[in-house]
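Engineer: Let me begin by handing over the structure; questions about it come next.
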Amino acid sequence: MTARVLDGTAVAAALRAEAAPAVAAFTARAGRPPGLGIVLVGDDPASEIYVRGKLKSAGEVGLRADLERLPATASLGDVLAIVDRLNHSDAHDGILVQSPLPAAMGADAERHVFDAINPAKDVDGLHPANVGRLVQNRAALASCTPAGVIELLERSNVAISGARAVVIGRSDIVGKPMALLLLHRNATVTICHSRTVDLPNVAAESDILVAAVGRAAFVTRAFVKPGAAVVDIGTTQVSDRALVERLFPPGSKRHEAFLRRGSLVVGDVHPEVAEVAGALTPVPGGVGPLTIAMLLKNTVRAAEDRLGR
Ligand code: NAP
């Protein structure tokens, strides 16, 4: 069997196409476009790429997106001051502080910053008030990556209700909200993590398997029930040639991309899983584009809610 491809790029394009008229309608009503403030601290290369993508997509659908940059030497107080300004800005409906913050800011810095964002503008769904609403299944703003996965599954006609779902990973930003969103759509959900005993066999009971681990090719065929839908959220930058060649044979497109760039973004799911799974998200082109599309959707939602529907 070769797994059906769950095409995140196509679903993200559909979400953007849906966002554009909503942005236009809001702009006509409010006399200004929905506004998103993005805060980027330091010079993490991956964050630079993500933020560039977010700004570009926002501009394409007519959102106002402002980038607030701070150097890696900035203090937690500097970041909180920008968040406070955006909280009080009439022009900004959404606030996103790009993760990770520089390590020098301290282990609890992200928690302080996310807690400081006005929940009504928290388009990443990370404020405890929004997390609480998600637990109670009345979230307006849910974390973008897991919310994007739900859009992908639903629009690809993967049945969630009644399915057994396993989520590998329990982070606040991906694993936990993913599990809750699946639960609220009536999946029977198991959350796995680094202490889970007999992980491959637990995973292999699932009809929907979501990997959010951050370890290249961690999920092998032993984890997958034949015919299951497998969602690969993980992204790991790999520059180890031997590893790349074990995963992607010389002559393949992925191998050629590695030769051109000297590194490759690899998902959590081993390529051999395509032979067992019924459906599978590719990396790249699976979950990544959905995260940005959901950010736009959440920003429009936050803007509409602030204005009053
Ligand atoms: P994270 O905070 O590091 O969480 C990783 C999770 O994986 C933890 O819960 C950890 O368990 C679990 N884990 C680690 N090693 C394991 C093992 N050997 N067996 C079972 N579980 C294991 O990462 P995250 O923020 O959730 O992100 C996960 C991945 O998704 C990363 O690769 C990230 O880059 C990617 N991501 C992609 C997008 C996108 O748009 N495509 C968006 C967000 C994140 P413990 O809790 O026990 O430590």
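The values are calculated or read from the model by the stated rules, or taken from the named source; none is laboratory data. Just so you know, these numbers come straight off a predicted model, no measurement behind them. Here Cβ is always computed from backbone atoms with ideal geometry, including for glycine, and neighbour counts include all displayed protein chains. Accessible surface is based on the protein model in full, side chains and every heavy atom, while ligands, DNA and RNA are left aside. Shrake-Rupley method; radii C 1.70, N 1.55, O 1.52, S 1.80 Å.
Engineer: Assigning unit charges at the beta carbon (Lys, Arg +1; Asp, Glu -1) and nothing else, what dipole magnitude in debye, to the nearest 20, does the stretch 30-119 show about its Cα centre?
Structural biologist: Numbers: 8 positive and 13 negative charges, 59 e Å.
The dipole magnitude comes to about 280 debye.
Engineer: Name the lysines eligible as straight-distance cross-link partners of K225: C-alpha to C-alpha under 25 Å, and not fewer than 8 places from it in the same chain.
Structural biologist: Of all the lysines, those that pass the test against K225 - Cα under 25 Å, at least 8 places apart if same chain - are K176.
Engineer: A further question on this structure: Would you please classify the overall shape of the chain from the alpha carbon gyration tensor, given that a ≥ b ≥ c denote the square roots of the eigenvalues, rounded means a/c under 1.5, and beyond that prolate means a/b larger than b/c while oblate covers the rest? Please report the intermediate quantities before stating the final value.
Structural biologist: Numbers: a/c = 1.67, a/b = 1.45, b/c = 1.15.
Since a/c reaches 1.5 and a/b is larger than b/c, the shape of the chain is classed as prolate.
Engineer: Suppose every K and R has +1 on its Cβ and every D and E has -1 on its Cβ; what is the size of the dipole of the stretch 181-309 about the Cα centre, in Debye to the nearest 20?
Structural biologist: Magnitude of the dipole: close to 400 debye.
Engineer: Taking only Cα atoms and a 10 Å spring cutoff, compute GNM fluctuations for the chain and point out the largest among G162, G94, G234.
Structural biologist: G162
Engineer: Sticking with this one: Looking at the chain, what % of its DSSP beta bridges pair antiparallel, to the nearest 5?
Structural biologist: Numbers: 3 of 33 bridges.
For the chain, the DSSP antiparallel bridge percentage is about 10.
Engineer: Starting from the Cα gyration tensor of the stretch 177-309, take the square roots of the eigenvalues, sort them a ≥ b ≥ c, and report rounded, prolate or oblate (rounded when a/c is under 1.5, otherwise prolate if a/b is larger than b/c, else oblate). Intermediate values should be presented prior to the final figure.
Structural biologist: Values: a/c = 2.38, a/b = 1.30, b/c = 1.83.
Judged from the Cα gyration tensor, the stretch 177-309 comes out oblate (a/c at least 1.5, b/c at or above a/b).
Engineer: Under a 1.4 Å probe, what is the accessible area of the stretch 170-309 per residue, stated in Å²?
Structural biologist: Numbers: 6390 Å² over 140 residues.
Ligands and nucleic acids excluded, the figure is 46 Å² per residue.
Engineer: Let me ask something else about it. Can you give me the distance in nm between label points at H193 and N137, each placed 7 Å from the Cα along the Cα-to-Cβ direction?
Structural biologist: Between H193 and N137, the simple spin-label model gives 2.4 nm.
Engineer: Given a 1.4 Å probe, how much area per residue of the stretch 30-119 is accessible, in Å²? Don't skip to the answer; put the middle values down first.
Structural biologist: Working: 4200 Å² over 90 residues.
Result: 47 Å² per residue.
Engineer: Can I ask one more? Near I160, within a Cβ-to-Cβ distance under 14 Å, what is the net charge of the other residues, with Lys and Arg +1 and Asp and Glu -1? Intermediate results must be reported in sequence, preceding the final value.
Structural biologist: On the way: positive: R155, R164, R185; negative: E151, E154, D207.
Cβ neighbours under 14 Å give a net charge of 0.
Engineer: Follow-up. Say each of R4 and K56 gets a label point 7 Å from the Cα, pointing the same way as Cα to Cβ; how far apart are those two points in nm?
Structural biologist: Label at R4, label at K56, 3.0 nm between them.
Engineer: Where in the stretch 41-77 does the amide nitrogen come within less than 16 Å of the point 7 Å from the Cα of A20, taken along Cα to Cβ?
Structural biologist: The answer is 56-64.
Engineer: Excluding L126 itself, what net charge comes from residues whose Cβ is under 10 Å from its Cβ, given Lys and Arg +1 and Asp and Glu -1? Each step should come with its number before you reach the end.
Structural biologist: Values: positive: R111; negative: E110, D115, D122, D124, D172.
Taking every other residue near L126 into account, the sum is -4.
Engineer: Hey, any idea what % of the chain's accessible area is carbon plus sulfur with a 1.4 Å probe?
Structural biologist: The C+S portion of the solvent-accessible surface of the chain is 54 percent.
Engineer: Let me ask something additional. Once you charge only the Cβ atoms, +1 for Lys and Arg and -1 for Asp and Glu, what is the size of the charge dipole of the chain about its Cα centre, to the nearest 20 debye?
Structural biologist: Roughly 500 debye for the chain.
Engineer: Mean separation of Cα pairs under 8 Å and 6+ residues apart, divided by the residue count of the stretch 30-119: what relative contact order is that in percent? Each step should come with its number before you reach the end.
Structural biologist: Details: 119 pairs, mean separation 35.3, N = 90.
So the answer I get is 39 percent.
Engineer: First select every other residue whose beta carbon is under 15 angstrom from the beta carbon of R69; then total the charges, Lys and Arg +1, Asp and Glu -1. Numbers along the way, then the final one.
Structural biologist: Values: positive: R52, K54, R85; negative: D43, D44, E48, D66, E68, D78.
It works out to a net charge of -3.
Engineer: Between the stretch 51-125 and the stretch 269-304, what's the alpha-carbon centroid distance in Å?
Structural biologist: 22 Å
Engineer: Treating cross-link reach as a plain straight distance, find the lysines whose alpha-carbon is under 23 Å from the alpha-carbon of K54, omitting any fewer than eight places away in the same chain.
Structural biologist: K121, K297
Engineer: Using packing as a proxy for protection, rank 29-38, 13-22 so that the peptide with the highest average count of other Cβ atoms within 10 Å comes first.
Structural biologist: 29-38, 13-22
Engineer: In addition: Dipole of the chain (Lys/Arg Cβ +1, Asp/Glu Cβ -1, origin at the Cα centre): which of L40, G62, N130 lies farthest to the positive side?
Structural biologist: G62
Engineer: I've got another one for you. Would you look at the GNM of the chain, springs on alpha carbons closer than 10 Å, and say which of N298, N201, N130 moves the most?
Structural biologist: Evaluated over the chain, the most mobile residue of the options is N201.
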